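One structure below.
The values are calculated or read from the model by the stated rules, or taken from the named source; none is laboratory data. It should be emphasised that the depicted structure is a prediction, and the values quoted were computed from it without experimental measurement. Cβ atoms come from the backbone with ideal geometry, glycine included; neighbour counts cover every protein chain shown. Remember, those area values only see protein heavy atoms, side chains included, never the ligands or the DNA or RNA. Shrake-Rupley method; radii C 1.70, N 1.55, O 1.52, S 1.80 Å.
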Amino acid sequence: MATTLKEMNLPVEGMTCAACAVRIEKMVGKLDGVQEVQVNLASERAHVVIDPSTSWQAVIERIEKTGYQVPVESLSLQIGGMTCAACSARIEKVVGRLPGVQQIQVNLASEKGQVTIVPGVISQQDVIAAIAKAGYIASLIDDKAQQDRKRQKQLAYQKEQQKFALAVLLVLPLFVQMVLGLFDVRPFLPDWISFLLATPVQFYVGWRFYRGAYHALRGGSANMDVLVVLGTSVAYLYSVFLLVLGSTQTYFDSSALVITLITLGKLLETRAKAKSSAAVEELAKLGAKMAHRQSVDSETFEDVPVESLQIGDIVQVLPGEKIPSDGTILKGSTRVDQSFITGESMPVAKQVGDEVVGASVNQHQAFMMRIDKIGAETMLSQVIRLVDQAQGSKAPVQRLADQISGIFVPIVLGIAVITFLLWGWFAGWSHALFAAVAVLVVACPCSLGLATPTAIMVGTGLGAKKGILIKGGEYLERLHHVQSVIFDKTGTLTVGHPEVSAMWVAEGVDPSWLIQKAASLEQQSEHPLGAAIVRYAKEQGLAFETFEEVRACPGQGIEGKVKGITYAIGHRQWLESKIDETVTAILEDFEKKAFTAVVMTDEERALGVFGIADAIKPEAARTVAALHALGIETWLLTGDQAYTAQAVAQQVGITHVVAQVLPADKATKVAEIQAQGRIVAMVGDGINDAPALAKADIGIGMGTGSAIALEAADIALVNADTLGVVEAILLAKATMRKIHQNLFWAFFYNVLGIPLAAFGILSPIIAGAAMAMSSVSVVSNSLLLQRRYRS
């Protein structure tokens, strides 16, 4: 069942506060087949997991019925390979039935197609891949869809700026009159002029609040817009009523100023939110636009859009250019800047056979490469998807804020009614109106809703820049509390490139013969220790034999038969029956030197021992010392012998060692440490250690380049530097500090502001200004994380 679940990461427009997000979660969650729904106010996205019985259309329909919008994208495609009307009809049919495609029109004459899609259900690359699978070639004419959405947002922002400027112009005379009134200066504006100045502010500038309130109430909920509209409308309409009666005591200045100040707050909030979500946009800009693809005749090159590349294409990359996609170097050598993905500024040497990552920069000389991955499968696309999902996620600490946001507005409405009645009974209805409006206006559910997601967006974006890919807010929160870090040895604390450093042969055995036999058997193994012996044999120019009846024993070794004799090579425990005292002494000597000892036997005795060393990473000791300084205990979990494991642990400073653990048993050891009540992080290569990574509270996968298994861990370190573990923990702690600060100020503001307003201490204007600044301050505080955590 789990394999058939569909994940969508939908953009949602029209949300104004945390109550909106909670309402969408509640309404979408009621749909049959919806397994999970998380709505992020800061990133304006909804992460929805559905089973096959539920359609994506039903989810979008429910969101829109609740009063919000899911925007669509229009793609302009150049399509090649069409020969007749049947071709265009086939493309329309194939693409038209893809989930997330709303409309498609293909023009045979112009060889162009217009496709309307729902982003988050389907991607541009999915459409292009479907057309390619149908036998045609498609590429984006430009980044029209993305540019259109960006342009629409900019136009909407500019329109709000213009409305705010108009509001300031209209409110300025009212504000001056109000200030002079504090010094007992008589009003200089007739009430009908105040009415004319306040009305456009109330209903034109403030229309966004009326629209938001209507959608919220129609959906059966109440949000910040309802509070603003109710508070300002009561003040405005009461003032109109007094104007009709001929009274000179009106409140047009209060309603207009509150609308103006809250509009200013929303403008500042939008600007700050855009900065906090800039990480994905910056990553998306990194990709190359064009590629020099080798023509069919293999002699010339043609410049083509990166989107039109297919797996197996041969491309040329010139010095200074970005690598168009993930692939393998076929000809030439160079140095590549991979800082966008690893966080390391030093270029990496690459030669024939090495993998290169798309969007990294060729810094040295031209080379030829084969395209191995395209579209959504590339490293850059995976990173963008991972960061996008992480920024749309929620940390468990947000749950309390969400629960409060869900009941916040009704409670505030109740307090406002009680305030109005009490003040009206004891001090007069004008005073009552003054205090009730202040209560409605000062309350701010927005700050509660933005406290966690904005910090997570900034934190995960910072992590991506440093080569730390965090899958979601819950993992940041868990990492913040981690108490024990378990390291795998090979490839994690060591460089992962073992070499034969010593060898012992039994009496009467020729060393070259032993190496040949061991390498011939090990070449059929994928174990890194076996690969070291194979390389050792190749360096000596030895030929290989073919073994029969080869059998690998995971975590133990490998055996096979040649010329009727069975040979085995592996760990000492597996071959204990053929090891005498002399061999035991050799094994202990090798292991004390931190060599991994591998024994070779025939059917009767041990023929030799290989001492294989894997250099310890230079930063490993600093990593362990830094973790100890943070009060975190360290463990080494390895399948190596106790002597070898202890020697490595001693060199890097690890205090707890568990040796001779089979890969299948590592998860059990992790569980044993968890049973002590400790929160555990497991650091491994993300593939061999998958069970242990999954069992740990936090699985941290390490790797380099495109080889890293992004899906295997909760946090992926693209750079194989172990200091990334410390960086990730420090980032988690810094992010959680910001979240706690934000939540404190959001709660403190509302807990303090609402009673002050209810007791008549805050005027509606001051309340409006405070409400406008509360959400802005929360987002701005999250952005300070960038400055404080800059390295």
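Of the strands (runs of 3 or more DSSP E) lying entirely inside segment 1-90, those containing at least 2 residues that are of a type in the set (G, A, S) are 73-80. When each of V244, V179, V185 is tested for being outside any helix (DSSP H, G or I), aliphatic (A, V, I, L, M) and over 47 Å from the mean Cα position of the chain (by Cα), the lone residue that passes is V185. Residue count for segment 472-497, restricted to those that are touching a helix residue (DSSP H, G or I) at 6+ places or on another chain (Cβ under 7 Å) and more than 19 Å from K738 (Cβ to Cβ): 8. Restricting attention to segment 718-733 and to residues that are at pLDDT 85 or above and open to solvent by less than 10 Å² (accessible area, probe 1.4 Å), the residue that is farthest from V441 (Cα to Cα) turns out to be T722. All of (1) within 17 Å of K695 (Cα to Cα); (2) touching a residue at least 24 places away in the same chain (Cβ under 8 Å); (3) surrounded by fewer than 18 Cβ atoms within 10 Å (Cβ to Cβ); (4) not polar (S, T, N, Q) hold for A642 with one exception: (1).
Figure legend. Inter-residue proximity from segment 50-63: first residues touching a residue at least 40 places away in the same chain (Cβ under 8 Å) and closer than 17 Å to N9 by Cβ, second residues open to solvent by less than 20 Å² (accessible area, probe 1.4 Å) and assigned to a helix (DSSP H, G or I), beta-carbon distance below 7 Å, spacing 6+ or different chains. Indicated pairs: I50/V59; V59/V28; I63/I24; I63/V28. For segment 219-239, a residue qualifies if it is on the phi < 0 side of the Ramachandran plot and either touching a Lys or Arg at 6+ places or on another chain (Cβ under 7 Å) or modelled with pLDDT under 75 (or both), and the qualifying residues are G219, S221, A222, N223, M224. Residue count for segment 35-62 satisfying the condition of being open to solvent by less than 40 Å² (accessible area, probe 1.4 Å) and either more than 19 Å from L98 (Cβ to Cβ) or touching a Lys or Arg at 6+ places or on another chain (Cβ under 9 Å) (or both): 14. Test each condition in (1) closer than 24 Å to V115 by Cα; (2) open to solvent by 20 Å² or more (accessible area, probe 1.4 Å) for R23 and report the one that comes out false. Evaluating R23 over (1) closer than 24 Å to V115 by Cα; (2) open to solvent by 20 Å² or more (accessible area, probe 1.4 Å) leaves (1) as the failure. The set of residues in segment 237-250 that are open to solvent by 10 Å² or more (accessible area, probe 1.4 Å) and touching a Phe, Trp or Tyr at 6+ places or on another chain (Cβ under 9 Å) comprises Y238, V240, L242, L243, S247, T250. Taken together, V304, V348, V352 contain a single residue that is of a type in the set (A, V, I, L, M), modelled with pLDDT under 90 and more than 27 Å from the chain's Cα centre (by Cα), which is V304. Restricted to segment 612-630, and to residues there that are surrounded by fewer than 22 Cβ atoms within 10 Å (Cβ to Cβ) and either part of a strand (DSSP E or B) or without any contact (Cβ under 8 Å) to a residue 24 or more places away in the chain (or both), the residue that is farthest from the chain's Cα centre (by Cα) is A613.
Just so you know, in segment 744-783 the residues that are among the β-branched types (V, I, T) and under 26 Å from Q177 (Cβ atoms) include one that is least open to solvent (accessible area, probe 1.4 Å), and it is I765. Evaluating A156 against the criteria (1) closer than 18 Å to K93 by Cα; (2) open to solvent by 20 Å² or more (accessible area, probe 1.4 Å); (3) at pLDDT 80 or above leaves one unmet condition, (1). Residue-level check: of (1) more than 29 Å from Q78 (Cα to Cα); (2) at pLDDT 90 or above; (3) buried (at least 17 other Cβ atoms within 10 Å of the Cβ), F340 misses just (2). Pairs are defined by a Cβ separation below 6 Å, a sequence spacing of at least 6 or placement on different chains, a first member in segment 586-602 that is under 12 Å from Q641 (Cα atoms), and a second member that is assigned to a loop (DSSP other than H, G, I, E, B); the pairs so defined are L587/R572; E591/Q641; T596/D640. Note on segment 378-412: residues that are at pLDDT 80 or above, among the aliphatic types (A, V, I, L, M) and surrounded by fewer than 18 Cβ atoms within 10 Å (Cβ to Cβ) amount to 1. Taking first residues from segment 763-776 that are over 17 Å from T270 (Cα atoms) and in contact (Cβ under 8 Å) with a residue 24 or more places away in the chain and partners that are open to solvent by less than 30 Å² (accessible area, probe 1.4 Å) and hydroxyl-bearing (S, T, Y), the Cβ contacts under 7 Å between residues at least 6 apart in sequence or on separate chains come to P764/S254; I765/S254.
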